[in-house]
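Right, one structure below, let's go through it.
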Amino acid sequence: QVQLVESGGGLVEFGGSLTLSCAASGSIFSINNMGWYRQTPGKQRELVAAILTRGNTDYADSVKGRFTISRDNTKNMVYLHMNGLKPEDTAVYYCKAVDQGRVYWGQGTQVTVSS
């Protein structure tokens, strides 16, 4: 089992910045894919950004140029650096990890952007 714990969410003004962190622990074999998703009430969870072990990244079009995902493989951490935040970025952000083909999710952290 892998446990994921997110931190760093909160309330920020339009145009502000936040950095989310996700710590993976437990019986980790080889986490290949880590990423961030977000969800708002009544909508499906959507990909925000993903990063592979080698550093390849993928971003939702809506966050390209504003968000940056990074990871520290030695610490099993993944980060989401968010700049230029907009009210439409308001959501619960979830960390996701894939280890040996199994998908794990964190409990989520709320990000609220005021206009």
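The values are calculated or read from the model by the stated rules, or taken from the named source; none is laboratory data. None of these values were measured; they are calculated from a predicted model. Please note: Cβ atoms are built from the backbone with ideal geometry, for glycine as well, and neighbour counts cover all protein chains shown. All accessible areas refer to the heavy atoms of the entire protein, side chains included, with ligands and DNA or RNA removed. Shrake-Rupley method; radii C 1.70, N 1.55, O 1.52, S 1.80 Å.
Just a few scattered comments:
- The set of residues in the stretch 97-115 that are touching a residue at least 24 places away in the same chain (Cβ under 8 Å) and either open to solvent by 40 Å² or more (accessible area, probe 1.4 Å) or of a type in the set (Ser, Thr, Tyr) (or both) comprises 100, 102, 104, 105, 107, 109, 110, 112, 114, 115.
- Scan of the stretch 1-60 for residues that are open to solvent by less than 30 Å² (accessible area, probe 1.4 Å), closer than 12 Å to residue 78 by Cα and out of contact with any Asp or Glu (no Cβ under 9 Å at 6 or more places or on another chain), ordered by number: 4, 6, 34
- Enumerated strands (runs of 3 or more DSSP E) restricted to the stretch 1-97, each holding at least 1 residues that are basic (Lys, Arg): 31-39, 67-72
- Filtering the stretch 55-92 to residues that are within 14 Å of the chain's Cα centre (by Cα) and β-branched (Val, Ile, Thr) leaves 57, 63, 68, 69, 78, 90, 92.
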